[in-house]
Amino acid sequence: MLPRAEFERLVAAALDELPPFFHEKMSNVEVIVETWPTRDDLRAAGVPFGQTLLGLYQGVPLTQRGAHYQLALPDRIAIFQGPIEQAYQTPEAIRAGVRRTVIHELAHHFGIGDDRLRELGAY
């Protein structure tokens with residue numbers, strides 16, 4: 001397993017590599033690294049028993065925010081180090097997996113659901 005600080009740098013690099021447009025539009029969201037998803041995380045994401053979760057978005061997508069959205073806690077994007085390292089085993093693959101997971105979870109922040117991501121060929 002990579003040292004936590006090195007994995008966090010991969011997540012930060014994936015965010016830094018996004019085009020400026022995305023940085024300008026991101027609002028009230030924090031991206032964190034967790035080692036493994038909890039049972040609650042798996043349940044929230046609807047992950048079937050025996051499968052894993054690489055990342056999780058929790059919050060109110062930008063497309064659903066309105067006048068009622070005030071003084072809200074930040075949305076949370078968790079990137080799970082353990083499952084990513086199991087799925088992508090070489091350093092290059094881990095970096096690509098982190099980037100893909102970060103982009104996928106940010107898509108949810110922007111209001112793009114899993115069905116639409118499938119239509120776009122993201123899976």
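The values are calculated or read from the model by the stated rules, or taken from the named source; none is laboratory data. This one's a predicted model, so the numbers in the text were calculated from it and none came from an experiment. Here Cβ is always computed from backbone atoms with ideal geometry, including for glycine, and neighbour counts include all displayed protein chains. Just so you know, the surface numbers come from the protein's heavy atoms only, side chains and all, with ligands and any DNA or RNA stripped out. Shrake-Rupley method; radii C 1.70, N 1.55, O 1.52, S 1.80 Å.
Looking at segment 39-69, which of its residues are assigned to a loop (DSSP other than H, G, I, E, B), of a type in the set (S, T, N, Q) and within 22 Å of L10 (Cα to Cα)?
Within segment 39-69, just T52 meets the criteria.
Please tell me if L106 is more than 20 Å from A5 (Cα to Cα), over 14 Å from the mean Cα position of the chain (by Cα) and either part of a loop (DSSP other than H, G, I, E, B) or not small (G, A, S) (or both).
Against the criterion (more than 20 Å from A5 (Cα to Cα), over 14 Å from the mean Cα position of the chain (by Cα) and either part of a loop (DSSP other than H, G, I, E, B) or not small (G, A, S) (or both)), L106 does not qualify.
Across segment 27-48, which residue is nearest to P61 (Cα to Cα) among those that are under 13 Å from the mean Cα position of the chain (by Cα) and open to solvent by less than 70 Å² (accessible area, probe 1.4 Å)?
V29
If you check every pair at least six apart or on different chains, which have Cβ atoms under 9 Å apart with a residue in segment 40-54 that is over 15 Å from F80 (Cα atoms) first and a residue that is open to solvent by less than 60 Å² (accessible area, probe 1.4 Å) and assigned to a helix (DSSP H, G or I) second?
P48/L42; F49/L42
Just to be sure before I move on: is G66 out of contact with any Asp or Glu (no Cβ under 8 Å at 6 or more places or on another chain) and exposed (fewer than 13 other Cβ atoms within 10 Å of the Cβ) in the structure I sent?
Spelling it out, G66 is indeed out of contact with any Asp or Glu (no Cβ under 8 Å at 6 or more places or on another chain) and exposed (fewer than 13 other Cβ atoms within 10 Å of the Cβ).
For segment 1-26, give me the residue count where each residue is in a loop (DSSP other than H, G, I, E, B) and farther than 16 Å from G59 by Cβ.
Looking only at that region, the number is 6.
I want to confirm something. Restricting to segment 1-26 and keeping residues that are open to solvent by 90 Å² or more (accessible area, probe 1.4 Å) and under 16 Å from I77 (Cα atoms), which single residue is modelled with the lowest pLDDT?
Selected residue: K25.
Can you confirm whether G111 is open to solvent by less than 70 Å² (accessible area, probe 1.4 Å), in contact with a Phe, Trp or Tyr (Cβ under 7 Å, 6 or more places away or on another chain) and either under 24 Å from N28 (Cα atoms) or assigned to a helix (DSSP H, G or I) (or both)?
The answer is no for G111.
Of everything in segment 89-99 that's touching a residue at least 24 places away in the same chain (Cβ under 8 Å) and either closer than 19 Å to F22 by Cα or part of a loop (DSSP other than H, G, I, E, B) (or both), which residue is least open to solvent (accessible area, probe 1.4 Å)?
Among those that are touching a residue at least 24 places away in the same chain (Cβ under 8 Å) and either closer than 19 Å to F22 by Cα or part of a loop (DSSP other than H, G, I, E, B) (or both), it is V98.
Could you check segment 70-88 and list, in sequence order, the residues that are open to solvent by less than 50 Å² (accessible area, probe 1.4 Å), farther than 20 Å from R39 by Cβ and not acidic (D, E)?
Passing the criteria: only A72.
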